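> Mind having a look at this structure? Questions to follow.
The values are calculated or read from the model by the stated rules, or taken from the named source; none is laboratory data. Note that this is a predicted model, so its numbers are computed, not measured. Here the Cβ positions follow ideal geometry from the backbone for every residue, glycine too, while neighbour counts run over all protein chains shown. Keep in mind that these areas ignore ligands, DNA and RNA; they rest on the heavy atoms of the full protein, side chains included. Shrake-Rupley method; radii C 1.70, N 1.55, O 1.52, S 1.80 Å.
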Amino acid sequence: MSSKSGINSELEDLTHLDEVEASILFRIDGNVVDSSFKEKYSHKLLRTIQWCKANVDKVSLEMKSGNLNKVTYELNEFCVIFYVVNNITILTTISSKNANLSLLSIESKRKALLLVNYL
Amino acid sequence: MQIATGTTSHRSIHTATKQIINDVIGDINGSPDFMIAAYTPNYREKKEYEKAIAKICEESGTNNIIGGTFPAVATSNDVPTTQGCSLMAFKSAELDFQPPVSYSNIRLNPNKGADKLVKLFKDDQKQNKTGFFLTPGPNFPPDAFNGMKMLDTIFAHKFRGMFNQIGKLINRNMGKNGYGVTSFAYKILKKLLENGVSNTLGGATIDLDMLSCYQFQGENVFQNAMVGTIFSSDTLNFGHSWAFDKSQRSKTFEISNGLKSSSYVHTINDKPSKEEFLNVIDIPENLYEEAFKGVAYASLLYLSTLKSEDQGNLPFVSVCHPILEGVISTIPEEILDESDRIAEFCTQSGIGVQKSAYQCAKSAAQGIDNPVFGLFINCSNRLLIAGDKTEQENKMIAEALGTDIPFMTLYSGGEFSVINHKPVYAAVSVHGMVAGYSKSPQKNVVF
């Protein structure tokens, strides 16, 4: 499997989970490496993605300085999990606000570990 | 002896199955003697699981397989997944596996299901043997608690003696509708004990979304069945143990009154139980509802224990639903009978969960010099507490057994064992079985 399709397949796995709305692999400068969305997505979701894109550099700096592997934001409509993949990329999982974050963080971690192999 | 394990994850059950066949069955030279397969419940459709299990049977050349669905699955050589499957395959001249059995009406007739396991034990002539079985788990659809409302009438509170009989009928109805595990799992353990079974490991399949859970035996996929088998050997020994996080004990309280036949508690410390329960754990009602409505209103972080004459402190879960004045608990009737009714609160923590997994594995392997493999039934509530640190828990098990020892962890909706002729029915706990060689005769291990 090529690097591009491998990354996309792992992101699609995440998006396939009932509660996940989108999964995006960001570079820490905010550029998107790859992404996957549920077929139907709302304007609210797009605004949340914009928020992620605008803040991923600050979040990654915070994660680096605090030696954090994972940061979770519980927003009004969605939950966002940032998971460190390597020095320059961060996996972002956006789920519905009622998602079971414990279970979701297990899968995000697994995917972050798998994504390293494609980068 | 060949033992292969693996965990794969993929959004498609077909791809996950294909990968696991490649990784695990491909590692066994020839056809395995026996397999344990565990899938996560997110694939939902029964026919999808039927196809997947049929494929594993076809590719492996054996129908000697049992398994089920669990919110997460893990093996010693892979990180846990909540979207995939784990498989453990065995091929050994030293280890025997009785052809797996199933009983499809286990919620209503637990004794009949247990009889099937007893027969396996009696038919096996090997020196050392132990059982392994899986059952359906808790299933609380949104309206499940409405059926409990009749337990709350003034009449029920006043005439408890009579309502214990009605409680039994309600219990039966709850069993039929698939609500709880307590009513049938403890009966299976008692039946096994009555027939001289000394060691067995059991666990309940579960879907935390309360939508679907399945059990597998051969190519069959069931929704409300017990599936099980017997491991036996003349050269290998089997060690069992269990543990839970009891590191942070806080208050005690008295279970004053309740309908013992349906594990329904009316009064705690001689006060209405819901009110007093929230008072003891010091949480306002609205916050409790907000925090626990997603997990069937069970206060999983606040685990209570009750001291049993035979089994020491046994943990149980309390369910505090807004429409009920009482508290539903997971205490088997027999344990409530033999206890002093003084319960203790133990607050669960991530570190405590990890430590207790180590304790369980270490204690199960205590009489075994060279472990060969391990099987662990670990509460799915502990999974929620551990979150993405779940991997650490399995690392602790690996540390206890040896880093090259294959094992499988299933995150269950109920954990139960028979250990050294004693039944252990406990909530939010980890139960384990370790098989291996002993230089000296095996000692009885009591945790």
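> State, in angstrom, two size descriptors of region B:249-346 derived from its alpha carbons: Rg to one decimal place and Dmax to the nearest whole number.
Computed over the Cα atoms of region B:249-346, radius of gyration and Dmax are 12.4, 38 Å.
> While we're on this one: Taking the alpha-carbon distance from residue A:40 and a cut-off under 19 Å, which lysines remain once sequence neighbours fewer than 8 residues away in the same chain are dropped?
Leaving aside lysines fewer than 8 places away in the same chain, those within reach of residue A:40 are A:97.
> Compute the long axis of helix B:350-364 from its Cα atoms, compare it with the longest principal axis of the Cα atoms of chain B, and write down the angle in degrees, 0 to 90, nearest 10.
Between the helix axis and the principal axis of chain B, the angle is about 60 degrees.
> Here's something else I'd like to know. Could you tell me which of rounded, prolate or oblate describes region B:255-306, using a ≥ b ≥ c as the square roots of the eigenvalues of the alpha-carbon gyration tensor, with rounded for a/c under 1.5 and, failing that, prolate when a/b is larger than b/c and oblate otherwise?
Prolate shape, in that a/c is at least 1.5 and a/b is the bigger ratio.
> Related question: Quick one, can you get me the convex hull of the C-alpha atoms of region B:1-152 expressed as volume per residue in Å³?
Convex hull volume per residue, Cα atoms: 149 Å³.
> On the full set of protein chains, 1.4 Å probe, figure out the accessible area of residue A:43 and give it in Å² to the nearest 10.
Counting only protein heavy atoms, the figure is 140 Å².
> Sticking with this structure for a sec: Bin width 10 Å, origin at 0, all Cα-Cα pairs of the protein assembly as shown: what percent of pairs per bin?
With a bin width of 10 Å, the distribution comes to 4, 18, 28, 26, 17, 7, 1, 0.
> Mind scanning B:91/B:422; B:112/B:422; A:53/B:355 and naming the pairs with a C-alpha gap bigger than 27 Å?
Long pairs (Cα-Cα over 27 Å): B:91/B:422; A:53/B:355.
> With r as the distance between the Cβ atoms of residue B:271 and residue A:51 and R0 = 41 Å, compute the FRET efficiency 1/(1 + (r/R0)^6) and round to 0.05.
The computed FRET efficiency comes out at 0.30.
> Could you tell me which residue out of B:409, B:265, B:305 lies farthest along the dipole of chain B toward its positive end? Charges go on the beta carbon: Lys and Arg +1, Asp and Glu -1, centred on the Cα centre.
Sorting the options by dipole projection puts first B:265.
> Work out the mean other chain Cβ neighbour count within 10 Å for the residues of A:5-17 and drop it here as an integer.
3
> Set Lys and Arg Cβ to +1 and Asp and Glu Cβ to -1, take the dipole of the protein assembly as shown about its Cα centre, and tell me which of A:98, A:45, A:112 lies farthest positive.
A:98
> With +1 on each Lys and Arg Cβ and -1 on each Asp and Glu Cβ, how big is the dipole of region B:249-346 about its Cα centre, in debye rounded to the nearest 20?
Using Cβ point charges on Lys, Arg, Asp and Glu, region B:249-346 gives about 220 debye.
> Treating cross-link reach as a plain straight distance, find the aspartates and glutamates whose alpha-carbon is under 16 Å from the alpha-carbon of residue B:395, omitting any fewer than eight places away in the same chain.
Straight-distance partners of residue B:395: B:78, B:404.
> Okay, next question. In debye, nearest 20, what is the charge dipole magnitude of region B:1-111 about its Cα centre with +1 on Lys and Arg Cβ and -1 on Asp and Glu Cβ, if you could check?
Result for region B:1-111 is approximately 500 debye, rounded to the nearest 20.
> Counting helices only, and only those DSSP H runs with n ≥ 4, report the 222 nm mean residue ellipticity of the protein assembly as shown as the sum of -39,500 (n - 2.57) divided by its residues, in deg cm²/dmol to the nearest 500.
So the helix-based figure for the protein assembly as shown works out to -10500 deg cm²/dmol.
> Where does each of A:83-91, B:358-366 land if you order them by average Cβ count within 10 Å, highest first?
With the highest mean Cβ count within 10 Å placed first, the list reads B:358-366, A:83-91.
> Could you order B:330, A:72 so the one with the most accessible surface comes first? Probe is 1.4 Å.
Putting B:330, A:72 in descending order of accessible area: A:72, B:330.
> Determine, from the Cβ-Cβ distance of residue A:73 and residue B:370 and an R0 of 41 Å, the FRET efficiency 1/(1 + (r/R0)^6), rounded to the nearest 0.05.
So, using R0 = 41 Å, E works out to roughly 0.25.
> Let me ask something else about it. Which translational diffusion coefficient, to the nearest whole µm²/s, is obtained for region A:3-118 from the Stokes-Einstein equation, given a Kirkwood hydrodynamic radius over C-alpha pairs, 10 °C and 1.306 mPa s?
It diffuses with D of about 115 µm²/s by this estimate.
> While we're here: Which of the lysines could a cross-linker bridge to residue B:439, judged by Cα under 22 Å and excluding same-chain residues fewer than eight apart?
Leaving aside lysines fewer than 8 places away in the same chain, those within reach of residue B:439 are B:126, B:129, B:362.
> Of B:339, B:82, B:208, which is farthest towards the positive pole of chain B's charge dipole, taken about the Cα centre with +1 and -1 on the beta-carbons of Lys, Arg and Asp, Glu respectively?
Farthest along the dipole direction, towards plus: B:339.
> To the nearest 20 debye, what charge dipole does chain B have about its Cα centre, counting +1 at the Cβ of each Lys and Arg and -1 at the Cβ of each Asp and Glu?
720
> Given chain B, what whole percent of its Cα pairs are spread farther than 33 Å?
The answer is 30 percent, as a whole percent.
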